[in-house]
1. Assuming a viscosity of 1.567 mPa s and a temperature of 4 °C, what translational diffusion coefficient in µm² per second does Stokes-Einstein assign to the range 338-404, Rh being the Kirkwood radius over Cα pairs?
2. If the cut-off is a Cα-Cα distance under 16 Å, which lysines reach Lys283, setting aside same-chain residues fewer than 8 apart in sequence?
3. So what's Rg/Rh here for the chain, counting alpha carbon atoms and using the Kirkwood radius for Rh?
4. Given a 1.4 Å probe and every protein chain left where it sits, what share in percent of the accessible area of the chain is carbon and sulfur?
5. Which aspartates and glutamates have a Cα lying under 15 Å from the Cα of Lys456, excluding residues fewer than 8 positions away in the same chain?
6. Among the listed pairs Lys155/Lys452; Lys242/Lys408; Lys28/Lys280; Lys163/Lys417; Lys310/Lys401; Lys397/Lys440, which are separated by more than 32 Å between their Cα atoms?
7. What base-10 log of the normalised intensity I(q)/I(0) is obtained for the range 382-436 from the Debye formula, alpha carbons as equal point scatterers, at q = 0.18, 0.19, 0.20, 0.22 Å⁻¹?
8. Out of residues 5 or more away from Val352 or on other chains, whose amide H comes under 5 Å of its own, with H placed 1.01 Å from N in the peptide plane?
Amino acid sequence: MSTEQEIALGQQSHPSIVASMGLYDDQKLQRFISEKGMAMAKISHRPELPYQFNIIDSPVVNAFAVPGGYVYFTRGIMAHFNNEAEFAGVLGHEIGHITARHSARQQTSQILGTVGLMAGMILSPKLAQFGEQAMQGLQMLMLSYSRAHESESDKIGVDYSSKVGYDASQMANFFGTIKRISDNAGQSIPNIMSTHPDPGDRFNNVHQMAQAYQAANPATYAVNRDSYLQMINGIIYGEDPKQGFVENNVFYHPELRFQFPIPVDWQTQNSPIQFGMASKDGKAQMIFTVASGSTLDSAAQNTVKQLNLKVLENTRKNINGNPAIVLISQVQQQQQQGKPQQQQTAATTVQVATWLIQYNGLIYAIHGATTADIFTTQFPNFKNTAENFRSLNDPDKINRKPERIFVKTVPRDGTFKDTMSALGMPAKRLEELGLVNSMKSDDVVKRGSLIKVIGK
Ligand SMILES: [Zn+2]
């Protein structure tokens, strides 16, 4: 790939990354990562690239790079760093992927995981075509590199972060945080660990490289814990309810003012572009999204075209005061070039129930998809969700506030556990608090030092 091609790839990917995940609005943090990013880019092997550094509005702990100089941190990873040096190490690692021209591969199973189809499910590959374009940005979170490239980037990360004056051994410490996250259920594995050269190895290698660098270049290397913690004071932590949240099997969207129930025991995944739901066995799924079109009829036409549907039924309905169209269709198999047309059976044909609902100036689409052979058993689930779509007026749900990281001064010497208790943190969140602070419950913390708590 030529430099021009790399830059073009970055420029093309950037809008879909922003559209699918959103940018985190915090000027102070944005200034910080741009300044540090540009300073490091300048001493890198390819200082001439048009670098850009952005913070993605996602609770997932991750950082990733796109060719051409685009580097992204999530607000989740920013909340989990405990000093500038940890940040600088990851920054160097990501810039390293760009300067060493590493080409990323997409991990098929994990890509499915981002579509709302959830990782670990067996799915008809055909179901994956839903929302494919919208997914492109999300896929960036799931890119992976070869083991050799990850090791090379670790080395470059040590060099770059040391060169700009940071203690690179802190980067190794951050691997400990990532290891704890990936050990916890329910969090997807960040891509900086996804090809996992053994975390222990990686920790030791980075430590050794950092020490070797510092021995060869004696100087004072910065960690900058307090200034970093003060800078992230108040950062949103975890899901932001204004982007939608699930409670007691109901999905609420406070900004868009709607709600609908979710089938019992189904898994869900929310992103700014769509809300995905899937049965545990993965055989049925629903996608809630915004349809393109200004009228119900044009939205129906666009949907049929985009998803390549053959419509079996088309009915008009009123759903809790909102005009709607309900389509029952089958996905038409696309003839692949050079391949013979495959025989379709009820077990391989994807059948879709689509509700297009006009509400508050937008047209929403709820697609329920499964294979034709089990469509009638799944249809009641689809219908119950779609036809209980209604306006949200409950102020308790509308005004739900996100949790944030707050930085406090430790009141007296003690263990991490006692300190959290003294600062009013519930015992059941000790592991989580230990994770964001990179501490264990018996670690000793000193009076007057800074520490993170979670609050509203
Ligand atoms: Zn990497």
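1. 85 µm²/s
2. Lys126
3. On the way: Rg = 24.1 Å, Rh = 23.9 Å.
Checking Rg against Rh, the ratio lands at 1.01.
4. Solvent-exposed carbon and sulfur of the chain make up 49 percent of the total.
5. Glu239, Asp240, Asp396, Glu403
6. Beyond 32 Å between Cα atoms: Lys28/Lys280; Lys163/Lys417; Lys310/Lys401; Lys397/Lys440.
7. Cα-only, vacuum Debye calculation for the range 382-436: -0.73, -0.76, -0.80, -0.89.
8. HN-HN under 5 Å from Val352: Ser329, Gln330, Val331.
The values are calculated or read from the model by the stated rules, or taken from the named source; none is laboratory data. Predicted model only: the values in this text are computed from it and were never measured. Please note: Cβ atoms are built from the backbone with ideal geometry, for glycine as well, and neighbour counts cover all protein chains shown. Just so you know, the surface numbers come from the protein's heavy atoms only, side chains and all, with ligands and any DNA or RNA stripped out. Shrake-Rupley method; radii C 1.70, N 1.55, O 1.52, S 1.80 Å.
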